[in-house]
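Here is the structure we will look at.
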Amino acid sequence: MQMDMHYWAVLYLCLKAGIPIGVARVIAHASQFVDDQVYSKIVQIEKWAFVPVLTSHKPTDYRLAFTRFILDVWATFHFLPGNLDAKEFMARMMCVKNGPLMKLVLEYALSHKTEPFGPHLVGIAAHVLLDTFSHDGYVGLSTDLNKIKNGSLRFEVESAEVKKHIWEKFEQFMGKMVCNAKNIAIGTVAETVPIGHGAAYILPDQPFVRFSYETESGLLIKRNNVDYFLEACECLYAFLIEFAKDTPFWKRPETPASWDSISDEVKSLLQKEGNIEQRSKNWMRVISSSRLFPAESAIYSPRAWAPARVPAQLTQGITPENCHPILFAEAARSHQQNVFKIMQDNGMIINAD
């Protein structure tokens, strides 16, 4: 999914669940920041250092597809595996919407909600949960299971302008060439790096799209994203309500809204076609008009939690225990280690180090 869901939809659902604005913004920011934390350099601060935790990478850094990095990042933060009954490792690594491993991840986040990094961990779990729906059926590793039969991809949208925009971006992406060490083109990105839903481009991440394709093994896949995204929001909402229960950070000001009372509004927002900016503004308008709070004051900026800003923040009186980049890193590391332990416990990997 993209920022309209990982930030604005998460923020909306947090507020509807009765979570105070300050905590809701931390959860939403952490959810979106999973896609933006690509900074890997150690930050030196006098006698000590801050070590960031990578939760994503730049879209053009395809070399990382063939390293341990892809397991550390994509499989743990974006394509959580869940196809446990499969016989082959790659098939078992297939992402499954709200699958058995996802439930364990949510339980882990709730069990740590009173930690200083509790809201950050909940935000990370929210990101992973939403992605299990949009990434359902894909593997967060480089495998032929992600390949699509040439010419079989189809999608439907109402707006001719939106359709044209998607096709142009899709053709541009599919035409990008990957070169080997001698700078010789060896194929397109989708051909040489079949990671996740790359062959389907951004279609799985667009809430309003209906699309279909045939896998190389001959399986016909049909998907109506509105249905998937609505179910994802319902699951996330239940998780956020559990987080809000008996949390010592605040006294909940009001009873959470029922899912039935907001589901039509959520579905209407998911159905609206447009680019990321337009879809984000739709969520902002609803947040503001619902008097949840003025959404314009909560514009997301990845720079706010950039690791490079830690030294300046610490000199301004912010302690490590209250520094968001540090707390996010602690939460990300905790989540990552937990996922590896879960995978080891389920016989998916031999070592969890």
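The values are calculated or read from the model by the stated rules, or taken from the named source; none is laboratory data. It should be emphasised that the depicted structure is a prediction, and the values quoted were computed from it without experimental measurement. Cβ: placed from backbone, ideal geometry, glycine included. Neighbour counts: every protein chain shown.
Condition check for Ala86 on (1) closer than 20 Å to Glu242 by Cβ; (2) aliphatic (A, V, I, L, M); (3) without any contact (Cβ under 8 Å) to a residue 24 or more places away in the chain: one failure, at (1). If the condition is being without any contact (Cβ under 8 Å) to a residue 12 or more places away in the chain and basic (Lys, Arg), then segment 298-320 contributes only Arg303. Could you please find all residues in segment 273-310 being among the hydrophobic types (A, V, I, L, M, F, W, C), exposed (fewer than 15 other Cβ atoms within 10 Å of the Cβ) and in a loop (DSSP other than H, G, I, E, B)? Result: Ile299, single match. Scan segment 109-127 and tell me whether some residue there is closer than 23 Å to Phe211 by Cβ and either part of a helix (DSSP H, G or I) or over 14 Å from the mean Cα position of the chain (by Cα) (or both). Yes, segment 109-127 contains a residue that is closer than 23 Å to Phe211 by Cβ and either part of a helix (DSSP H, G or I) or over 14 Å from the mean Cα position of the chain (by Cα) (or both). Those strands (runs of 3 or more DSSP E) of segment 170-264 in which at least 3 residues are under 25 Å from the mean Cα position of the chain (by Cα) and at pLDDT 80 or above, considering only elements entirely within it, cover 210-214, 220-224. Exactly one residue among Gln336, Gln313 is assigned to a helix (DSSP H, G or I), crowded, with 16+ Cβ neighbours inside 10 Å and at pLDDT below 95, and that residue is Gln313.
Within segment 5-25, take every residue that is closer than 12 Å to Val266 by Cα and crowded, with 24+ Cβ neighbours inside 10 Å and give me the one that is nearest to the chain's Cα centre (by Cα). Here the residue is Met5. If you go through segment 87-108 and keep only what is outside any loop (DSSP other than H, G, I, E, B) and closer than 19 Å to Phe229 by Cβ, you end up with Cys95, Met102, Leu106.
Yes/no matrix, rows are residues, columns are (1) touching a strand residue (DSSP E or B) at 6+ places or on another chain (Cβ under 6 Å); (2) touching a residue at least 40 places away in the same chain (Cβ under 8 Å); (3) among the polar types (S, T, N, Q):
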{"site": "Lys222", "(1), (2), (3)": "yes, no, no"}
{"site": "Lys245", "(1), (2), (3)": "no, no, no"}
{"site": "Ser268", "(1), (2), (3)": "no, no, yes"}
{"site": "Ser280", "(1), (2), (3)": "no, yes, yes"}
{"site": "Glu296", "(1), (2), (3)": "no, no, no"}
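I'd like the full set of residues that are under 18 Å from the mean Cα position of the chain (by Cα) and more than 17 Å from Leu104 (Cβ to Cβ), limited to segment 333-353. Result: Arg333, single match. Of all residues in segment 98-126, those satisfying the criterion of being hydrophobic (A, V, I, L, M, F, W, C) and touching a residue at least 60 places away in the same chain (Cβ under 8 Å) are Leu101, Leu104, Val105, Leu106, Ala109, Leu110, Phe117, Leu121, Val122, Ile124, Ala125, Ala126. Every test in (1) touching a strand residue (DSSP E or B) at 6+ places or on another chain (Cβ under 6 Å); (2) at positive phi is passed by Gly274 save one, and that test is (1).
With respect to the conditions (1) surrounded by 18 or more Cβ atoms within 10 Å (Cβ to Cβ); (2) farther than 16 Å from Ala75 by Cβ, Asp136 falls short on a single one, namely (2).
Can you find a residue that is touching a helix residue (DSSP H, G or I) at 6+ places or on another chain (Cβ under 9 Å), among the small types (Gly, Ala, Ser), surrounded by 15 or more Cβ atoms within 10 Å (Cβ to Cβ) and within 25 Å of Leu121 (Cβ to Cβ) anywhere in segment 257-265? Yes, segment 257-265 contains at least one residue that is touching a helix residue (DSSP H, G or I) at 6+ places or on another chain (Cβ under 9 Å), among the small types (Gly, Ala, Ser), surrounded by 15 or more Cβ atoms within 10 Å (Cβ to Cβ) and within 25 Å of Leu121 (Cβ to Cβ). Remark: pairs (first residue in segment 228-239, without any contact (Cβ under 8 Å) to a residue 60 or more places away in the chain; second residue among the charged types (D, E, K, R) and part of a helix (DSSP H, G or I); Cβ separation under 9 Å; 6+ apart in sequence or on different chains) = Leu230/Lys267.
There is at least one residue in segment 27-38 that is at pLDDT 95 or above and not in a helix (DSSP H, G or I).
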